[in-house]
Every structure is written in structure tokens, then in C-alpha cells.
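Nothing in this text is a laboratory measurement; each read-out follows from the coordinates by a stated rule. As the structure is a prediction and not an experimental result, all values here were calculated from the model. FYI the Cβ positions are ideal-geometry reconstructions off the backbone, even for glycines, and counts take in every protein chain you see.
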Amino acid sequence: MGSGYLGATHAIGMALLGHDVVAMDIEKEKISLLSSCELPFFEPGLGELLRKCMESGRLRFTTSYDDTVEADIHFVCVGTPQLPGSLNADLRWVETAFTELARRICSPAIIVGKSTVPTGTARRMAEIVRRHSSDPRVEVAWNPEFLREGRAVEDTLKPNRLIFGVESPHAEKLLRAVYRPIIERGCPVVVTDCTTAELTKVSANAFLAMKISFINAMAKICEATGADVLPLTEALGYDDRIGRRFLGPGLGFGGGCLPKDLRALCACAADLGLDDVALLIRQVDSINLSRRHRALVLGRELLGGTYVGKRVCVLGAAFKPNTDDVRDSPALAVGVAAHAENAHVVIHDPVAMNNAKRAHPELEYAETIVEAASEADLVMLLTDWTEFIDMDPELLSTTVRSRNIFDGRNALTPERWHAAGWNYRA
Ligand SMILES: NC(=O)c1ccc[n+]([C@@H]2O[C@H](COP(=O)([O-])OP(=O)(O)OC[C@H]3O[C@@H](n4cnc5c(N)ncnc54)[C@H](O)[C@@H]3O)[C@@H](O)[C@H]2O)c1
């Protein structure tokens, strides 16, 4: 249920494991693309696997709930975005999916939530199922997903852990059977209750977010004291209790998962009266968002104090490289903010342009880096795609109006840019 980034990838993964899979979505256009072997989103390596599964006959797509009724196991992979005007997750799609399934299933199937949800959701879904299903043996389980966009194929076929939130030995047995080839290859399995399973995913995301915001907090201290956050990061990273990964000072995190999961956790902690926990999580979010404002300020400084009438080339629209996902993208947020300050913003991204145009038709888009940088007063590298990191400063010098570059990801080699006569800020 749900054939977006998570659901389509999971369906393909399940078919590759040898299961017969029906993948459902309420969006007709998405299902029509998938049915003709086309991915509705960008994910390296996944298109080829989709074709392989369709050829095998083990995977098909539908928009009808009725086509899914006969399954032994149902995975709910629908979206759980932030509720507008609130920190909470909007669970209406999860509720609809469980309700529609429960109304139709009349055999002892299991409905497994994979969407990332606040704790207590599985318990509520079990009540919905009890209320609507004619078969009292229908069960609810939770099996949170840890795949990363851009690496979804590897993460799905070779996950580093499987979490089974179950309320009966039967549900555990069925999940173990479904994932058998992966478990036999040595993937660890943590079996727990549904509430703990829900929380494993949310806390993993909160921890990763906290690591990014922690190093950005240190970046703020470095800026205020004249220290250098890059050697500091390197020095911290050598300590294997800390580790180098996710310790990247810069424009911070975004996307369809980390920010909204963090906010839902904050709301959950506040509802539970755990104000100190809510405060910790809120600060992680707030430090992260402050980096977008800081990027805007540094860009303005490079422009001599104002964006008004200046041409700004924004490199990056996706929230991170190797995806076309622009949900809560820091790059787009900075581009939009510069536009609001009356800059003429031109954006280029290797794969996320269509999604960005849909989200922000008011901005201008260019097909190449050089076209986007043409006559620019400022170039802003905001998503660290390899092609941006590899840009030639000499070549770019010939197209811009002024050689000002803001490196929002600490991704460039400043010496190269200085040597080519650029004003470089990061
Ligand atoms: N994208 C990721 O990398 C990732 C990783 C781990 C977990 N998650 C979690 O997975 C969930 C889905 O995320 P996503 O990125 O795939 O979102 P998405 O928006 O790409 O996909 C969600 C899909 O669900 C469909 N849908 C909504 N209601 C439906 C219904 N009643 N029946 C069938 N389909 C329905 C939508 O049309 C949409 O295509 C979220 O909870 C997210 O936090 C996502």
C-alpha cells in the first residue's frame, strides 16, 4: 500500500526475494508509470530492477484496494508528512490504508506498518482493524524502514538490521519467512513490541539529525571565535565513539523524513510531559534551520550587502545528492529566500528540476551549470552533487559577472577557487 519512494522500492525488493507482489497506490499517474516499467522518481539502479521484476511476472501495480485483498501480508508504506500548522505527523493516509484493508480482508492476514509514525500509532491501527475487519485473526505489526534515498537498492536488499514489532509469535514467524533470504545472509533481527519498533525509526532519525546539528553548533562557535570547523570535524571523527559520518558542517538536513520525524518526536515528547526531551529535539531543529538563514547572510555579504537586482545561481534543488526529492530541501529554501529579497535566482540540479519547478514555479531554472551561472553575481553551491564539486573555477569565471562563490556544503577546495580569483565563503 503506497508506491512512493519507500513503497515502490519495497515492492521491488519483495519481488526480488521471490514473492508474488501487488503494489497499490491511489495516484493513477504513478501506477501507470510503474506498470509501464518507469519509475516515477529518481533512484540509482532501481529502474533496472523494476524491469526485471515485471518481466518475472512476480510484480504488478494497481489502484484498486480490491486487488490486494488476497495477500497473506500487507505492508503499509503510505506517506506521513507533517500536519500543516502543527509539529505532529499527519496520519490520515495511514488510517485510510488500515481502514480500507481491514474492511476487505476476510482471512487471517497480517497488516504491517512500514511508514514512520509516532509511537502509539500501531495500537490505534489495531483498534481500527478490530472495528472494521470481519476476521478477528487479522493482526497488526510494525516493521520500520531504514532505507536511504540514493542508496535505496542496497539498503533494501542488504539492510543492516530488521526490526519486527510484533504482538504474537505467528506475526514474527511470518515476517521471518518473508525476509528469510536476507536473514540467512546474516542480517540481524530485533524482535520487539510495536511501540518500541515505531520508536526505533524515529529515534534513529533524531540521533542522525542531532549529529548534524551538533557539528553545526560547533561551526557557530568556530565562526564566533575564529576557529576552523573542518579540522575540528576531522579531529572528532577519528574518535570511533563519535565517527566521521553525519558530522558535516554546512547547510544542514532536509528531505521528506528527518525534519518531519524530528518534529513529530518533539510533539510526542511534549504530549507526554517530557519537556526536557522536547526541548532537546526542538533545538536540533532550530540549529538546523538557522543554517539556512546563515547561508543567506553569507551570500548577501558576498554581494556587498544586498540581493536586490542581483543574479544568483543556485546549484542544487534536491535535499541531498543522488535523489530528485525536494521535500523540505535546504537548497530550495535558500533559493526561495534570495528570490524573496528580490534577487534574480536561477537554479540548476542534475535530476530534481521537474520536482523543483512544480514546487516553486516562480523561480527560473537552467539546464546546465554554465547556463545557470551566466552573468551571475553570486554562485551558491547548496547540494553537494559530484558534478558541482568537480566544477572548474577557471571555466566558470568566463560565464559569471562577478566571481563570488558560496559553498554551503564545505564541498569545494577553497585554494582552487582563490587561485582562480574567486571570493570564496563557506
Ligand atoms: N523516502 C524514504 O527514504 C523513506 C525511508 C524510510 C521511511 N520512510 C517513510 O515511509 C513513508 C512513505 O514515505 P515516501 O517517501 O515513500 O512517501 P511518498 O510520498 O513518496 O509515497 C507515499 C505514497 O503513498 C500513497 N498513498 C497515500 N495514501 C494511500 C492509500 N490509502 N493507499 C495507497 N497508497 C496511498 C501516495 O499516493 C504516495 O504515492 C513515510 O512515513 C516516510 O517517513 C521513507
Cβ-placed point charges (K, R +1; D, E -1), dipole of the chain about Cα centre in debye, nearest 20: 580 debye
Estimated vicinal HN-Hα couplings, Hz - segment 357-372 in sequence order (Karplus 6.51, -1.76, 1.60; Gly, Pro = x): 4, 4, 6, 9, x, 6, 8, 9, 10, 10, 6, 9, 4, 5, 5, 5
Cα long-axis angle, helix 258-271 against the chain (0 to 90 degrees, to the nearest 10): 70 degrees
Distant-in-sequence amide H partners of residue 61 (H built 1.01 Å from N, under 5 Å): 23
Euclidean distance of C-alpha centroids, segment 238-277 and segment 64-130, integer Å: 25 Å
Relative contact order computed over segment 48-108 (Cα-Cα under 8 Å; 6+ residues apart), in percent: 29 percent
Exposure proxy ranking, count of Cβ atoms within 10 Å, fewest first, for 214, 207, 98: 207, 214, 98
Calculated from backbone phi, Karplus (6.51, -1.76, 1.60) coupling profile of segment 209-220 in Hz, x at Gly/Pro: 4, 5, 5, 5, 5, 4, 5, 6, 5, 5, 4, 5
Residues with amide H under 5 Å from that of residue 112, placed H, sequence gap 5 or more: 74, 75, 76, 141
Degrees, to the nearest 10: 121-132 long Cα axis against longest axis of the chain: 40 degrees
The chain: radius of gyration over Cα atoms, expressed as a fraction of 2.2 N^0.38 Å: 1.06
Using θ = phi - 60° and Karplus 6.51 cos²θ - 1.76 cosθ + 1.60, couplings along segment 70-82 (whole Hz; Gly, Pro as x): 7, 5, 7, 9, 10, 9, 9, 10, 7, x, 9, x, 5
Distant-in-sequence amide H partners of residue 344 (H built 1.01 Å from N, under 5 Å): 309, 310, 311, 312
Out-of-range pairs (alpha-carbon distance over 21 Å; input 220/310; 30/52; 201/260; 220/260; 30/357; 114/158): 220/310; 220/260
Acute angle (nearest 10 degrees) that the helix 330-340 long axis makes with the longest principal axis of the chain, alpha-carbon atoms: 50 degrees
Candidate aspartates and glutamates - alpha carbon under 19 Å from residue 28, same-chain residues fewer than 8 apart omitted: 38, 66, 67, 100
